[in-house]
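Enquirer: Encoded as structure tokens, here's the structure I'll be asking about.
The values are calculated or read from the model by the stated rules, or taken from the named source; none is laboratory data. Being a predicted model, the structure only gives us computed values, none of them experimental. Quick reminder, even Gly has a Cβ in these numbers, built from the backbone with ideal geometry, and neighbours come from all protein chains shown.
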Amino acid sequence: MATHDVVRQVSYVQQALSQNRKHLGFFIGAGCPLSVRVNHREEGDKVVSDALIPDVVGLTGIINEKLKGANSDKPTTWDRVISLVRQDGGNDKNIEHVLTQIRLLASVAGKGTVRDLTADQLSNLDRDICTIISKVVDQELPNSKTPYHNLAVWTRSIKREQPVHIFTTNYDLLLEQALEESSAPYFDGFIGTRRAFFDLGAVENEGDLPARWSRLWKIHGSLNWQLDKTNNVVRSDQPTEGQKHLIYPSHLKYDQSRKMPYLAMLDRLKEFLLRPSSILFMSGYSFGDEHINDVICRTLASNPTAHVFALLFGQLNDEKYGQARTCGLGTPNLSVLAFDGAIVGRTPGKWKYSDLPFPLPGGIVVPDEKGETCELKLGDFMQFGNLLRNITAAGDDANG
């Protein structure tokens, strides 16, 4: 089996992150909030903690506990929908997939029924799910030492010729909190203060904005996005009567959603990867969204100068990373970096050391007992944040 030089690979990553002229971007997935631990406590001889926000599977489990029936004789609307998803071979452990099915059924039901469910039942279930999601993911970062803050400080650490682009599928406001607490300016597609409105023209012409402003693109919606009575998307922290949550807004019609943030944000991802020599770092993303995978792989195929580093938490052969392996094996400019090995240049292999005189940040590379193989921990968002912090500190020392 082939091997990959861990020292050389880390040097590529560090050198790319130290650039101020290249188009650099980050993709923050659902696994990233898991790196922020809260509620530390002792259980026996161990100290345990909880993730700030659960991943998609964990979130789906919480929703299931709240909406499932007390017994099988009286199934709730949730129970009936989950049964249909399973019958159709869908993924009932992914709430975004479940929401998509609910919204598809509701669009077909009209004023009648579909598979013994009415549009009102489906609409009410949709609302209940989004309400639960909002309560679960509406969290704040516990301090300023999180990887989110390390990313935010890194974005403003040097004078940049090109803006940093941050893409995320998460609904939470953790990135906004970290950027604002770090005095790192950003543009997210909305204009205004009290009820900021989505400005498609500003999004499509974001290149006219200052390079020191990061761009924040929330592909699957956000806690503070709302659809007002005139079907305009607004961003507001003030709840309004009858508001419609724009969490994973797959229910918007195609002609309508072309004007909405959902597809506009995906267009930003595609446009970014089409830029010459653009580099995207993906963290906390397991390649579970086929639409996003298609955008990434097709765009990389049409722009061989672009490169994506997919940083995976755990082992390369983990069952959940099947799509990541497929994408990596078919896309030469997509490097898939897991703990135990990688797919680089479409070639899978384990990590090995080399004699390159390149300093490795502590904790990111962990050797085995014999020192023959090692693990690369960049797929842990906390460790990736530490790398960004080290680069920022090195830059400060060089400028000081």
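Enquirer: Checking the structure you have, find out if any residue of the stretch 29-48 is surrounded by fewer than 18 Cβ atoms within 10 Å (Cβ to Cβ), touching a strand residue (DSSP E or B) at 6+ places or on another chain (Cβ under 9 Å) and on the phi > 0 side of the Ramachandran plot.
Expert: Checked the stretch 29-48: at least one residue is surrounded by fewer than 18 Cβ atoms within 10 Å (Cβ to Cβ), touching a strand residue (DSSP E or B) at 6+ places or on another chain (Cβ under 9 Å) and on the phi > 0 side of the Ramachandran plot.
Enquirer: Continuing with this model, one more query. For K135, state whether it is without any contact (Cβ under 8 Å) to a residue 12 or more places away in the chain and basic (K, R).
Expert: So K135 passes the test.
Enquirer: Conditions: (1) within 30 Å of R275 (Cα to Cα); (2) of a type in the set (S, T, N, Q); (3) modelled with pLDDT of 95 or more. N64 meets all but one. Number of the miss?
Expert: (1)
Enquirer: What do you reckon, is D208 charged (D, E, K, R) and surrounded by fewer than 21 Cβ atoms within 10 Å (Cβ to Cβ)?
Expert: yes
Enquirer: Return the residues of the stretch 229-250 that are within 20 Å of the chain's Cα centre (by Cα) and at pLDDT below 75; say none if nothing qualifies.
Expert: Scanning the stretch 229-250 gives H245, L246, P249, S250.
Enquirer: Mind checking which residues of the stretch 66-115 are buried (at least 16 other Cβ atoms within 10 Å of the Cβ), in contact with a Phe, Trp or Tyr (Cβ under 9 Å, 6 or more places away or on another chain) and more than 20 Å from G221 (Cβ to Cβ)?
Expert: L67
Enquirer: If you don't mind, there's one more thing I want to ask. Among the residues that make up the stretch 57-70, is at least one of them touching a strand residue (DSSP E or B) at 6+ places or on another chain (Cβ under 9 Å) and under 23 Å from L311 (Cβ atoms)?
Expert: For the stretch 57-70, residues touching a strand residue (DSSP E or B) at 6+ places or on another chain (Cβ under 9 Å) and under 23 Å from L311 (Cβ atoms): present.
Residues checked against (1) more than 23 Å from L99 (Cα to Cα); (2) in the same structural domain as F27 (by TED's automatic domain parsing); (3) in contact with a strand residue (DSSP E or B) (Cβ under 6 Å, 6 or more places away or on another chain); (4) basic (K, R):
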residue	(1), (2), (3), (4)
E180	yes, yes, no, no
A184	yes, yes, no, no
F190	yes, yes, yes, no
A196	yes, yes, yes, no
E204	yes, yes, no, no
D208	yes, yes, no, no
A211	yes, yes, no, no
N224	no, yes, yes, no
L227	no, yes, yes, no
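Enquirer: Pairs please, first residue from the stretch 379-400 and over 30 Å from Y321 (Cα atoms), second anywhere and in a helix (DSSP H, G or I) and modelled with pLDDT of 95 or more, Cβ atoms under 8 Å, 6+ apart in sequence or on different chains.
Expert: Pairs found: T392/N150; T392/V153; T392/W154.
Enquirer: Tally up the residues in the stretch 5-34 that are charged (D, E, K, R) and either within 17 Å of W217 (Cα to Cα) or under 23 Å from the mean Cα position of the chain (by Cα) (or both), please.
Expert: Adding up the residues that qualify gives 1.
Enquirer: Which residue out of A338, A342 is touching an Asp or Glu at 6+ places or on another chain (Cβ under 9 Å), in contact (Cβ under 8 Å) with a residue 40 or more places away in the chain and of a type in the set (A, V, I, L, M, F, W, C)?
Expert: Exactly one of A338, A342 is touching an Asp or Glu at 6+ places or on another chain (Cβ under 9 Å), in contact (Cβ under 8 Å) with a residue 40 or more places away in the chain and of a type in the set (A, V, I, L, M, F, W, C), namely A338.
Enquirer: Given the criteria under 16 Å from the mean Cα position of the chain (by Cα) and part of a loop (DSSP other than H, G, I, E, B), does Y262 qualify?
Expert: no
Enquirer: Quick check, is G314 small (G, A, S), assigned to a loop (DSSP other than H, G, I, E, B) and under 25 Å from G385 (Cα atoms)?
Expert: yes
Enquirer: In this structure, does A16 turn out to be surrounded by 13 or more Cβ atoms within 10 Å (Cβ to Cβ), closer than 20 Å to D172 by Cα and not assigned by TED's automatic domain parsing to the domain that holds L117?
Expert: No: the conditions fail for A16.
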